[in-house]
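The values are calculated or read from the model by the stated rules, or taken from the named source; none is laboratory data. This structure is a prediction, so every number in the text was calculated from the model and none was measured. Here the Cβ positions follow ideal geometry from the backbone for every residue, glycine too, while neighbour counts run over all protein chains shown.
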Amino acid sequence: MDSYPTDFTPKRIAVVTGANKGIGLETCRQLLSKGIKVILTAREETRGAVALEKLPTSAPTDVVFHQLDVTDSRSVEAFANFVKSQFGRLDILVNNAGILGKPPRSQLPPNSVSTEETYQGALDCLNTNYYGAKRVTEALLPLLLLSQSPRIVNVSSIYGKLQNIPNKDLQKEIYDIDTLTEDRLDELVQSFLNHFNKGELGKNGWPTQLSAYTVSKVALNAYTRLLARRCPTICCSCVGPGFVKTDINGNAGILPVQEGAKVSVMAALLPDGSPSGLFYDQNGVSPYE
Ligand SMILES: NC(=O)c1ccc[n+]([C@@H]2O[C@H](COP(=O)([O-])OP(=O)(O)OC[C@H]3O[C@@H](n4cnc5c(N)ncnc54)[C@H](OP(=O)(O)O)[C@@H]3O)[C@@H](O)[C@H]2O)c1
């Protein structure tokens with residue numbers, strides 16, 4: 001007698017942004033090994049295609065590539081249409097794409113002493129790490145809401161902790177999720193950029209070192225908490241991968257990508273009924289402050 005497979009449960013479908021290298025690529029690898037169908041995305045087609053070749057699959061349909069530049073609304077819209085037409089829903093979104101907003105020290109010319117941030121670098125950083133994650137999330141939200149157990153994982157950082165914002169009033173306002181709104185959060189981000197442009201960061205209690213990266217991750221954390229409140233059926237989490245050896249820090253990190261990606265994968269596969277709106281690091285739940 002012929003034998004037929006008995007498990008007809010459709011595979012869960014995950015999207016990972018910025019997945020052509022580093023923690024994103026490793027997140028795809030680990031999700032695949034857990035039996036998840038993965039849509040690997042990258043802003044640049046060739047880099048994405050090369051990355052796809054590095055992943056082992058048991059079936060050619062386990063992983064697909066699609067272009068996605070999180071800073072480009074048209075790319076995001078085209079990507080959301082692709083997911084809708086090919087899969088009809090989405091179970092897991094990992095907002096992993098990120099930039100530092102300035103070159104890591106190790107990539108500067110040997111005699112260079114300055115690693116100062118530029119205003120353009122700050123704009124790019126906010127547009128990728130905060131607005132980019134938000135743009136992709138909002139475009140994919142209707143498809144996530146069709147999933148039986150939707151998960152959103154926002155890859156943040158220890159820099160996203162509120163203690164990195166010297167202004168205590170700002171800390172308090174961003175922490176108080178019952179009164180904070182998404183519009184107000186955007187206003188605060190814009191005010192950071194205005195102060196940056198005028199050279200008035202310190203005077204206004206913003207961080208002065210790695211300032212755009214810090215504010216981008218603080219805003220991403222707050223957005224995650226607001227999203228958890230707005231969408232109670234979606235389990236939304238932030239993760240801090242630890243100091244991981246990747247290009248973002250000029251490979252100065254100490255943890256291998258396998259360790260960093262583990263935290264994203266854990267949050268992506270949290271069991272149904274898990275609390276939403278929490279921050280996880282290598283050791284489990286971690287405070288936002
Ligand atoms: N490594 C660490 O120690 C560390 C610590 C805390 C948090 N994180 C976070 O972890 C995430 C992954 O970083 P990583 O360490 O793996 O660094 P990475 O190796 O530099 O990877 C960053 C990824 O983001 C992509 N990306 C940048 N801008 C993009 C855009 N506009 N649209 C789509 N993709 C874009 C990059 O693509 P390209 O190759 O095209 O540039 C790359 O694939 C980031 O959010 C980062 O902030 C990392």
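Points to keep in mind about this one:
- Qualifying residue in region 202-221 (condition: within 16 Å of the ligand (Cβ to nearest atom) and without any contact (Cβ under 8 Å) to a residue 40 or more places away in the chain): yes
- Verdict on residue 273 being assigned to a loop (DSSP other than H, G, I, E, B) and either more than 25 Å from residue 141 (Cα to Cα) or within 9 Å of the ligand (Cβ to nearest atom) (or both): no
- All helices (runs of 4 or more DSSP H) inside region 140-238 with 1 or more residues being over 28 Å from residue 282 (Cα atoms): 168-175, 182-197
- Close Cβ contacts (under 8 Å, 6 or more residues apart or on different chains) running from residues in region 272-289 that are free of Cβ contacts under 8 Å to residues at least 12 places away in the same chain and more than 12 Å from residue 151 (Cα to Cα) to residues that are crowded, with 16+ Cβ neighbours inside 10 Å and among the aliphatic types (A, V, I, L, M) comprise 285/278.
- Within the option set 288, 280, being among the hydroxyl-bearing types (Ser, Thr, Tyr) and over 22 Å from residue 22 (Cα atoms) holds for one residue only, 288.
- Test result for residue 252, in contact with a strand residue (DSSP E or B) (Cβ under 6 Å, 6 or more places away or on another chain) and over 21 Å from residue 30 (Cβ atoms): no
- Residues of region 235-273 that are out of contact with any helix residue (DSSP H, G or I) (no Cβ under 9 Å at 6 or more places or on another chain) and surrounded by fewer than 14 Cβ atoms within 10 Å (Cβ to Cβ): 254, 271, 272, 273.
- Check on residue 47, near the ligand (Cβ under 10 Å from one of its atoms), surrounded by fewer than 19 Cβ atoms within 10 Å (Cβ to Cβ) and either in a helix (DSSP H, G or I) or without any contact (Cβ under 8 Å) to a residue 40 or more places away in the chain (or both): yes
- Of all residues in region 226-248, those that are modelled with pLDDT of 95 or more have Cβ atoms under 7 Å from Cβ atoms of residues that are part of a loop (DSSP other than H, G, I, E, B) and among the β-branched types (Val, Ile, Thr), 6 or more apart or on another chain, in 226/177; 229/177; 243/254; 245/254.
- Odd one out for residue 89, checked against (1) under 17 Å from the mean Cα position of the chain (by Cα); (2) basic (Lys, Arg); (3) closer than 22 Å to residue 269 by Cα: (1)
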